[in-house]
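The values are calculated or read from the model by the stated rules, or taken from the named source; none is laboratory data. Model, not experiment: these values are computed from the prediction. As a convention, Cβ positions derive from the backbone with ideal geometry for all residues, glycine included, and neighbour counts pool all protein chains shown.
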2 protein chains.
Amino acid sequence: MYRLHSFCQSGNCHKVALTLQLLRQPWEPVFVDFMNGATRSSAWRDEFNEMGEAPVLEFIELGEETRLTQSGLIMTVLAERHADFMPALAGRNTRERREVLRWLLFDNHKFTSYLATYRFMKSFGASAPDPAVLAFLKTRMDAAFAIVESHLRTRPFLVGDHLSLADLSLSAYLFYPDEEFGGDVLAGYPYLRAWVIRLMAIPGLKGPYELLPGERIAPRW
Amino acid sequence: MYRLHSFCQSGNCHKVALTLQLLRQPWEPVFVDFMNGATRSSAWRDEFNEMGEAPVLEFIELGEETRLTQSGLIMTVLAERHADFMPALAGRNTRERREVLRWLLFDNHKFTSYLATYRFMKSFGASAPDPAVLAFLKTRMDAAFAIVESHLRTRPFLVGDHLSLADLSLSAYLFYPDEEFGGDVLAGYPYLRAWVIRLMAIPGLKGPYELLPGERIAPRW
């Protein structure tokens, strides 16, 4: 049994939830009150994650209580632990496993980083965002979108013509409704949109508000 | 022989150069004219990296020409290929290897991402940066610095009491001179500063302007 410390506004938590769902693993969510500062307290940092973030995954491994943080690492460990059930998820061979890690790094550096920050500041920040900062994030987000759009023009999934962790990592934030991005965030990206719809149709890959704990919050604007 | 497509203003290229140096591998730099847009051309994207970035590492593997991109992936592959020479670099066991990947992901998501963008906009961007955007990046950068500072308070290196890829990845941009950050970027972070000085003293770990090709450029301000 996996325990996922998480909250429904976090696409990074959703990445792990999607992975657990796909691997058909029993798991239970544990609510983290991120929106009220829980992950930034010293108690949380000392006990769960010095980086002050969710998700945190807990499970028993070789008889020991294990805690992992960073969605990209958690997903990789899960795919390796359950490779017998779904061997292709982490990549079918060395070349594909490298490609998966490459996209996970790109996601953290250029894709989720801007997309998630843009959505959070636009809809859930404590105060109204600076327009220049929002415009900066939007430009960076669109540059990352254009790269993935071009990649998906000639293939159904990011790596190796099959579903992999790369798809789950980059798509998780795109499961959120348009209104949280202030509008149709995928306008002008038909291949990205078709890919997200393809992923949403896979059994078990539900949205964050169905899978993760916490109150849904209306966007501020 | 490794060929590293790179340029001296890129700390991401420097991460790979530091790894090659530490592993005592023969390598040659190939200049990429990033500052004049080379990596954003379709020719570069088609031939070298659809993500429009350097570094790119080329080498022969199992008789085949291989190209890798994303510094975190390149470093991981190099450490694994040359684990006989320096087995601890990628982590000495499963727990450490997970820790290394965790810090590489944190670096891409929260540390290099803000630090590198701040430095670039401050000193090398085509036009003067928006003050609100700079302030946003600085706040995020300081939050990431505080996490690493706290971690280094009780240990000399990020993972397992020995040098690892995590140290090379997070420190690479901190090899650049203060003036490129607009001042003493490590003021207030004594443990971070001591750690960078410790790394700079390791034989072979030279600065980017000694290791990488291209003209040095004076900061605009």
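Filter region A:22-45 down to the residues that are loosely packed, with under 15 Cβ neighbours inside 10 Å, more than 24 Å from A:Ile217 (Cβ to Cβ) and touching a residue at least 24 places away in the same chain (Cβ under 8 Å) and list them by number. A:Arg24, A:Pro26, listed by residue number. If A:Phe59 passes every condition in (1) away from chain B (no Cβ under 11 Å); (2) under 28 Å from A:Lys138 (Cα atoms) but one, which one does it miss? Tallying (1) away from chain B (no Cβ under 11 Å); (2) under 28 Å from A:Lys138 (Cα atoms), A:Phe59 fails exactly one: (2). Taken over region B:139-190, the residue count meeting the criterion of being over 16 Å from B:Gly11 (Cα atoms), touching a helix residue (DSSP H, G or I) at 6+ places or on another chain (Cβ under 7 Å) and not polar (S, T, N, Q) is 16.
With the condition kept exactly as written, say whether any residue in region B:76-86 is surrounded by 16 or more Cβ atoms within 10 Å (Cβ to Cβ), at the interface with chain A (Cβ under 9 Å from one of its Cβ atoms) and within 18 Å of the chain's Cα centre (by Cα). Looking through region B:76-86, at least one residue is surrounded by 16 or more Cβ atoms within 10 Å (Cβ to Cβ), at the interface with chain A (Cβ under 9 Å from one of its Cβ atoms) and within 18 Å of the chain's Cα centre (by Cα). Filtered by the rule that a residue be in contact with a strand residue (DSSP E or B) (Cβ under 9 Å, 6 or more places away or on another chain) and surrounded by fewer than 14 Cβ atoms within 10 Å (Cβ to Cβ), region B:48-65 gives B:Ile60, B:Glu65.
Within region A:160-171, identify whether any single residue is surrounded by 24 or more Cβ atoms within 10 Å (Cβ to Cβ), in contact with a Ser or Thr (Cβ under 9 Å, 6 or more places away or on another chain), modelled with pLDDT of 95 or more and under 15 Å from A:Met141 (Cβ atoms), and answer yes or no. Yes: one or more hits. Mind checking whether some residue in region A:134-156 is in contact (Cβ under 8 Å) with a residue 12 or more places away in the chain, touching a His at 6+ places or on another chain (Cβ under 6 Å) and at negative phi? Checked against the condition, which is being in contact (Cβ under 8 Å) with a residue 12 or more places away in the chain, touching a His at 6+ places or on another chain (Cβ under 6 Å) and at negative phi, region A:134-156 yields no hits at all. Of the residues in region A:180-203, how many are of a type in the set (Gly, Ala, Ser), touching a Lys or Arg at 6+ places or on another chain (Cβ under 7 Å) and closer than 19 Å to A:Leu165 by Cα? Total satisfying the criteria: 0.
Among the residues making up region A:5-21, those that are closer than 23 Å to A:Ala90 by Cα and in contact (Cβ under 8 Å) with a residue 60 or more places away in the chain are A:Ser6, A:Ser10, A:Gly11, A:Asn12, A:Cys13, A:His14, A:Lys15, A:Val16, A:Ala17, A:Leu18, A:Thr19, A:Gln21.
Residues in region B:123-133 that are part of a loop (DSSP other than H, G, I, E, B), within 12 Å of chain A (Cβ to nearest Cβ) and either charged (D, E, K, R) or free of Cβ contacts under 8 Å to residues at least 24 places away in the same chain (or both): 2 in all.
Mind listing whichever residues of region B:31-63 are assigned to a strand (DSSP E or B) and over 25 Å from B:Leu89 (Cα atoms)? Hit for region B:31-63 is B:Phe31, nothing else. For region A:98-122, the set of residues classified as of a type in the set (S, T, N, Q) and within 8 Å of chain B (Cβ to nearest Cβ) consists of A:Asn108, A:Thr112, A:Ser113, listed by residue number.
Which of the residues that make up region A:17-56 are touching a His at 6+ places or on another chain (Cβ under 8 Å), within 21 Å of A:Glu215 (Cα to Cα) and within 13 Å of chain B (Cβ to nearest Cβ)? Once the filter is applied, which keeps residues that are touching a His at 6+ places or on another chain (Cβ under 8 Å), within 21 Å of A:Glu215 (Cα to Cα) and within 13 Å of chain B (Cβ to nearest Cβ), region A:17-56 yields A:Pro55, A:Val56. Checking A:Pro55, A:Pro26 one by one, the residue that is over 18 Å from the mean Cα position of the chain (by Cα) and closer than 23 Å to A:Gly204 by Cβ is A:Pro26 and no other. A residue that is touching an Asp or Glu at 6+ places or on another chain (Cβ under 7 Å) and not aromatic (Phe, Trp, Tyr) cannot be found anywhere in region B:12-33. Checking each residue of region B:65-73 against the condition of being more than 11 Å from chain A (Cβ to nearest Cβ), farther than 30 Å from B:Phe181 by Cβ, in a helix (DSSP H, G or I) and out of contact with any His (no Cβ under 8 Å at 6 or more places or on another chain) gives no match. Looking at region A:123-135, is at least one residue within 26 Å of B:Gly52 (Cα to Cα) and within 19 Å of the chain's Cα centre (by Cα)? No; the residues of region A:123-135 include none that is within 26 Å of B:Gly52 (Cα to Cα) and within 19 Å of the chain's Cα centre (by Cα).
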